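The values are calculated or read from the model by the stated rules, or taken from the named source; none is laboratory data. These numbers come from a predicted model, not from an experiment. Counting neighbours? That spans all protein chains shown, and the Cβs are built from the backbone with ideal geometry, glycine included.
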Amino acid sequence: MAVLENLSRRAVLLGMGAGALVLAVNLPARAQDAPEEPLKFGADAMPHGWKDDPNIFVAIDPDGTVTVTVHRSEMGQGVRTSIAMAVADELEADWARVKVAQAPGDEPTYGNQDTDGSRSLRHFFDPMRRAGAAARQMLREAAAAEWGVPVEEVTAENHILRHEASGREAGYGDMATRAAEGPVPAREGLVLKSPDQFRYIGRDDIGLIDNPDIVTGATTYGMDAKAEGMLFAVIARPPVVGGRVASHDDTEALKVPGVQRVVVIDAPPQPSEFQPLGGVAVIATNTWAAMRGREALSIEWEDGPHAAYDSEAFRAELEQAARSTDGVAVRNQGDALAALQEAPRTFEAEYYIPHLAQAPMEPPAALAMIRDGRCEVWACVQAPQVTRVRVAEKLGLDPQNVTVNVTLLGGGFGRKSKPDFVVEAAVLSREMDGAPVKVVWTREDDLHHSYFHTVSVEHLKAGLDESGRPTAWLHRTAAPTIGSIFAPDPKQKLPFELGMGLTNMPLDIPNVRAENPQAQAHTRIGWYRSVSNIPHAFAIQSFIAELAHEAGRDHRDYLLEVIGPARRIDPTEQGDVWNYGEDPARYPIDTGRLRRVIETATDAAGWGREMPEGSGLGLAAHYSFVTYVAVVAETEVSDGNVLIPRVHIAVDCGPHVNPDRIRSQMEGAVIMGVGQALMSQITFANGRAQQDNFDSYLVPRMDSSPREIHVHLVGGGDYGQPLGGVGEPGLPPVTPAITNAIFAATGKRIRALPVADQLRS
């Protein structure tokens, strides 16, 4: 891509090292580019790779308590439980005696810690199993040495070591010290369990290991972090990205009881990556005083180059770009342009998705303090290592002198992989001579100053044969890129954005062309759960439903026909150089699996049954994060209001480590997809986000949520197959399934989100 032509792959990976999906762009993006190093995939390609040393991840106390250190961030997805399950199963530990500890940000020690991209278990299931198996072997060897017997005669089962011939047995705690002194077994010699031996992996009845602490308030979120003598800060940030403080008067703010100081934070140069936006901070003895002090500030803002950003006007610009022929061809299979001209008839449509905010229930919050040349922070972050590095850079410290304590996250969805709020806390602690300062973001702060999901216009055109089947397919995608926070003024999507349902679209169509016209970013663009899969899936799955209707065909039958027979596709042959960072030989696109989730969801929903007036069934399916998902939504529409009685969602994510968490992630995806479909949007006027809180940035309440959500797990029994993602792939097909159901119920086609009042006469 043009924006990255002059950057080395290594420079890109380091500069985008925040952890998100950007890390796996797998440059070079073009075939003629020469790689600087052998191509790596999966965990091997991530910064600091993976670790499986049991001395890092497993500790056993003399009383037998097993502590599993978890190096990924917990934000409700259950990763602390799932990692502990993998370790405990291979360790043969008694689950009742297992607890978890959260690792600080330290990738050289723990391996990659970025909790994003639905890859925590995908990358660390096997290493964590090996860590557990190695610890079990070390315990057996310790017992064998203690008893003077061959290690082959010592068994480990449910926290007990036994030597059957002599009748000796010991608990894990009895041998823990001696085991820790022994060598770590070679990975090649480890014997892992067969699936029939699993005690925890694959079970449905293991609850979240954190549940007791969560429900009793004993755990700590970012907002809960405390330190003796702590001060509190809120910040008035520039309302327009790229703006800065022209002047300010803090006279009245300093009169507020409890306010200690007012500090100007300089705006960063653009692009700002994960640096704070700048502004004026009010530091006080309590949050309320800091908030009142901020209200009393008098600030003149210099809005900068994006002062005129208006989302409605920008939509028109994107539409014009999506209709032009000036875009870069990012996939060109066959000759779609010629086939379109020769087709007996054509059909085209255009789809729009607005900006969205992650809006986690817990807004960003961080506590920082500086002592003796060291900085310690407590924060709800998804990317603790990049947080450590960015804080160190800002303070002029060696990263080894920065400790990032990762709290639980009250939701993340990609927002908390950007540590701007942590850097704010570190800067303010320095201003207060190292005193602990806690930066608190309000909901209004969160919605006004997010890293927003990109706005998008998708233009599709199909050439159809006499039966209505597509013989040519043209897709133009116009959207500001996430690359805009990393490089000066890029206007086209990065390879990883294109590889989210566009270049890797697995339809059996002989002539396919995808183009990416230019689009400028006017606000901070960041990853949001499932990222570019959202607009691509909405457009493609809506368009296929429209084509089926035009052809007078059943939508399910038509979709299966367009997908074509079961086959395994090398995504690189379609122009996808990313493939979610995974080896295409190990993770090809399997249309048989895509077909199966469609068949599962539609069969479960009773597809084809007669529906009452005003009701309809809608279908959508999508491949993302190396996982296959299909959704059937049922809607009831009356007086412009949409009710969703039930949703069936079928997922094939490969082997099931924690089935209960797979279900909960799919259920959460359905709720989030309802919001995207019906009500959620961020709009801009005069460069400013217009939504303030949940009264204007609408999210599903109980009355708008589906009454029933049925999750169907497909496959999952073959643990010799690689794991797919879970957290993100459930979301993309939900919204088009709902809008397709609305059409089935009303005859009204939804091409722009949210639905909002489009159904009202």
Considering only the range 437-459, state which residues are over 27 Å from residue 376 (Cβ atoms) and assigned to a loop (DSSP other than H, G, I, E, B). 454, 455
Every pair of residues 6+ apart whose Cβ atoms lie under 7 Å, when the first sits in the range 276-287 and is more than 16 Å from residue 254 (Cα to Cα) while the second is of a type in the set (Gly, Ala, Ser) and part of a strand (DSSP E or B): 279/236
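Quick one: is residue 140 in contact (Cβ under 8 Å) with a residue 60 or more places away in the chain and in a helix (DSSP H, G or I)? I'd like the intermediate steps shown before the answer.
Details: in contact (Cβ under 8 Å) with a residue 60 or more places away in the chain: no; in a helix (DSSP H, G or I): yes.
For residue 140, the condition - in contact (Cβ under 8 Å) with a residue 60 or more places away in the chain and in a helix (DSSP H, G or I) - is not met.
For residues that are part of a helix (DSSP H, G or I) and buried (at least 24 other Cβ atoms within 10 Å of the Cβ), tally how many sit in the range 108-122. Reasoning before the result, please.
Step one: list which residues in the range 108-122 are part of a helix (DSSP H, G or I), which gives 108-110, 120-122.
So of that shortlist, the ones also buried (at least 24 other Cβ atoms within 10 Å of the Cβ) come out as 120-122.
Qualifying residue count for the region: 3.
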For the subset of the range 292-309 comprising residues that are within 33 Å of the chain's Cα centre (by Cα) and hydrophobic (A, V, I, L, M, F, W, C), which member is surrounded by the fewest Cβ atoms within 10 Å (Cβ to Cβ)? 308
A careful count of residues in the range 366-388 that are under 20 Å from residue 230 (Cβ atoms), in a loop (DSSP other than H, G, I, E, B) and under 21 Å from the mean Cα position of the chain (by Cα) gives 2
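Matching residues to (1) hydroxyl-bearing (Ser, Thr, Tyr); (2) more than 30 Å from residue 127 (Cβ to Cβ):
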| position | (1), (2) |
| --- | --- |
| 635 | yes, yes |
| 654 | no, no |
| 664 | yes, no |
| 667 | no, no |
| 681 | no, yes |
| 688 | no, yes |
| 707 | no, yes |
| 722 | no, no |
| 729 | no, no |
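When you scan the range 268-286, how many residues do you find that are assigned to a strand (DSSP E or B) and closer than 30 Å to residue 486 by Cβ?
Residues of the range 268-286 assigned to a strand (DSSP E or B): 279-284.
From what's left, closer than 30 Å to residue 486 by Cβ: 279-281.
Looking only at that region, the number is 3.
Looking at residue 692, is it part of a loop (DSSP other than H, G, I, E, B) and either under 25 Å from the mean Cα position of the chain (by Cα) or at pLDDT below 95 (or both)?
Criteria met by residue 692.
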Please tell me if residue 289 is over 32 Å from the mean Cα position of the chain (by Cα), farther than 18 Å from residue 266 by Cβ, at pLDDT 95 or above and of a type in the set (Gly, Ala, Ser). yes
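Under 30 Å from residue 569 (Cα atoms), touching a residue at least 12 places away in the same chain (Cβ under 8 Å), surrounded by fewer than 23 Cβ atoms within 10 Å (Cβ to Cβ) and not hydrophobic (A, V, I, L, M, F, W, C) - does that describe any residue in the range 365-378? Talk me through it step by step, then tell me what you get.
First pass over the range 365-378, keeping only residues under 30 Å from residue 569 (Cα atoms): none.
No - not one qualifying residue is present in the range 365-378.
Does residue 199 meet the test of being over 22 Å from residue 57 (Cβ atoms), surrounded by 11 or more Cβ atoms within 10 Å (Cβ to Cβ) and either aromatic (Phe, Trp, Tyr) or touching a helix residue (DSSP H, G or I) at 6+ places or on another chain (Cβ under 6 Å) (or both)?
Working: over 22 Å from residue 57 (Cβ atoms): no; surrounded by 11 or more Cβ atoms within 10 Å (Cβ to Cβ): yes; either aromatic (Phe, Trp, Tyr) or touching a helix residue (DSSP H, G or I) at 6+ places or on another chain (Cβ under 6 Å) (or both): yes.
When the stated conditions are applied, residue 199 does not pass them.
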Looking at residue 635 and the list (1) surrounded by 24 or more Cβ atoms within 10 Å (Cβ to Cβ); (2) among the hydroxyl-bearing types (Ser, Thr, Tyr); (3) within 19 Å of the chain's Cα centre (by Cα), which single condition is not satisfied? (3)
Of residues in the range 330-363 being touching a Gly at 6+ places or on another chain (Cβ under 9 Å) and among the small types (Gly, Ala, Ser), the one surrounded by the fewest Cβ atoms within 10 Å (Cβ to Cβ): 343
Residues of the range 316-346 that turn out to be touching an Asp or Glu at 6+ places or on another chain (Cβ under 6 Å) and either closer than 12 Å to residue 511 by Cα or part of a strand (DSSP E or B) (or both), as a count: 1
Got a sec? Which of 391, 423 is among the aliphatic types (A, V, I, L, M), buried (at least 23 other Cβ atoms within 10 Å of the Cβ), assigned to a helix (DSSP H, G or I) and touching a Cys at 6+ places or on another chain (Cβ under 8 Å)? 391
When you go through (1) within 19 Å of residue 530 (Cα to Cα); (2) surrounded by fewer than 22 Cβ atoms within 10 Å (Cβ to Cβ); (3) small (Gly, Ala, Ser) one by one for residue 716, which number turns out not to apply? (1)
Does residue 732 satisfy the criteria of being surrounded by 18 or more Cβ atoms within 10 Å (Cβ to Cβ), at pLDDT 95 or above and either in the same structural domain as residue 599 (by TED's automatic domain parsing) or not acidic (Asp, Glu) (or both)? yes
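Each row is one residue, and each column tells you yes or no for (1) in contact with a strand residue (DSSP E or B) (Cβ under 6 Å, 6 or more places away or on another chain); (2) assigned by TED's automatic domain parsing to the domain that holds residue 507; (3) not hydrophobic (A, V, I, L, M, F, W, C).
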{"position": "560", "(1), (2), (3)": "no, yes, no"}
{"position": "585", "(1), (2), (3)": "no, yes, no"}
{"position": "593", "(1), (2), (3)": "yes, yes, yes"}
{"position": "598", "(1), (2), (3)": "yes, yes, no"}
{"position": "603", "(1), (2), (3)": "no, yes, yes"}
{"position": "609", "(1), (2), (3)": "no, yes, yes"}
{"position": "619", "(1), (2), (3)": "yes, yes, no"}
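Just checking, which of 412, 468, 483, 434 is under 30 Å from residue 318 (Cβ atoms), among the small types (Gly, Ala, Ser), outside the structural domain of residue 531 (by TED's automatic domain parsing) and not in a strand (DSSP E or B)?
Details: 468 fails: outside the structural domain of residue 531 (by TED's automatic domain parsing); 483 fails: outside the structural domain of residue 531 (by TED's automatic domain parsing); 434 fails: under 30 Å from residue 318 (Cβ atoms).
Of 412, 468, 483, 434, the one residue that is under 30 Å from residue 318 (Cβ atoms), among the small types (Gly, Ala, Ser), outside the structural domain of residue 531 (by TED's automatic domain parsing) and not in a strand (DSSP E or B) is 412.
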